[in-house]
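Asks: Handing you a structure now.
Read the figures in this text as sums done on the coordinates, not as results from a lab. All of these numbers come straight from a predicted model, not from anything done at the bench. Quick reminder, even Gly has a Cβ in these numbers, built from the backbone with ideal geometry, and neighbours come from all protein chains shown.
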Amino acid sequence: MSLRVHFLRHGETIYSRTGGYCGELDPELTAEGELMAAAFAAAHRSTPWDALYVSPMRRTVATARPLCEALGLEMQLRDGLKEIRYGAWEGKTSDDVKAHYADDYVRWLTEPAWNPPTGGETSVAIASRAMPVIAEIESKYAEGNVLVVSHKATIRIMLCSLLGIDLGRYRDRINILAASLSTVKFDVHGPLLESLNDRAHLGQELRTLPGT
């Protein structure tokens with residue numbers, strides 16, 4: 001049996017619905033986001049989970065909570081799994097950012113690996129704090145199923161790191177929808193992407209919400 005790490009993005013928030021830059025802002029899940037978390041727990045409670053590693057932000061904790069309560073599992077909170085820091089862009093729309101931080105915005109779009117949002121984090125910096133969490137999981141679990149509950153940019157960057165994709169292209173190569181599950185198998189040949197953006201646990205109404 002191999003180790004499988006399952007990456008779950010948190011359920012819907014007002015920012016994932018509208019497309020604003022959320023980052024370190026710490027909104028609660030919307031009512032629909034809570035339904036997404038409950039639907040995930042109902043669909044995956046029969047999976048033999050060995051551990052749950054969770055970003056300590058409210059939206060990720062709330063997404064993991066229904067599964068933890070159903071199974072009596074403890075969350076392993078890790079700061080390295082937090083979302084990208086958008087700095088001065090937090091809470092703003094892309095139109096606002098283009099209007100007030102045009103040069104930084106263009107540099108970030110062109111090469112986010114080394115150019116951060118104004119006062120924020122590069123994708124290289126995010127990888128440097130998130131990937132040690134994956135290394136910790138690999139060191140503790142030779143096989144089994146581990147759930148990682150994190151955020152859109154952070155999951156994209158972790159997947160790029162595992163799959164050998166240029167970190168500067170994380171926004172161009174991988175999309176991660178709200179409450180979607182992506183699975184990586186760790187085997188003799190290294191990480192293998194087995195699924196991406198799986199939302200089969202959500203009903204049609206939740207899958208087709210605007211912005212998710």
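Asks: Which ones in the range 5-44 are of a type in the set (Asp, Glu), surrounded by fewer than 19 Cβ atoms within 10 Å (Cβ to Cβ) and outside any helix (DSSP H, G or I)?
Replies: Glu24, Asp26, Glu28
Asks: How many residues does the range 58-75 hold that are buried (at least 19 other Cβ atoms within 10 Å of the Cβ) and either among the polar types (S, T, N, Q) or more than 21 Å from Leu35 (Cβ to Cβ) (or both)?
Replies: 2
Asks: Scanning the range 68-96 for residues that are within 22 Å of Met158 (Cβ to Cβ) and among the hydrophobic types (A, V, I, L, M, F, W, C), which turns out nearest to the chain's Cα centre (by Cα)?
Replies: Leu81
Asks: Please find, among Gly19, Gly80, Gly72, Gly23, the residue that is without any contact (Cβ under 8 Å) to a residue 60 or more places away in the chain and on the phi > 0 side of the Ramachandran plot.
Replies: Exactly one of Gly19, Gly80, Gly72, Gly23 is without any contact (Cβ under 8 Å) to a residue 60 or more places away in the chain and on the phi > 0 side of the Ramachandran plot, namely Gly72.
Asks: Among all residue pairs at least 6 apart or on different chains, which show Cβ distances below 9 Å where the first residue, located in the range 90-115, is assigned to a helix (DSSP H, G or I) and the second is of a type in the set (Lys, Arg)?
Replies: His100/Lys92; Tyr105/Lys98; Val106/Lys98; Leu109/Arg171
Asks: Hey, among Ile157, Ile176, which residue is within 16 Å of Leu81 (Cβ to Cβ) and out of contact with any Lys or Arg (no Cβ under 8 Å at 6 or more places or on another chain)?
Replies: Going through Ile157, Ile176 in turn, the sole match is Ile157.
Asks: From the list Thr60, Thr47, Thr118, which residue is outside any loop (DSSP other than H, G, I, E, B) and touching a residue at least 12 places away in the same chain (Cβ under 8 Å)?
Replies: From the options Thr60, Thr47, Thr118, the qualifying one is Thr60.
Asks: For the condition within 13 Å of Glu83 (Cα to Cα) and buried (at least 18 other Cβ atoms within 10 Å of the Cβ), what is the one hit in Ala127, Ala113?
Replies: Testing whether each residue is within 13 Å of Glu83 (Cα to Cα) and buried (at least 18 other Cβ atoms within 10 Å of the Cβ) leaves just Ala127.
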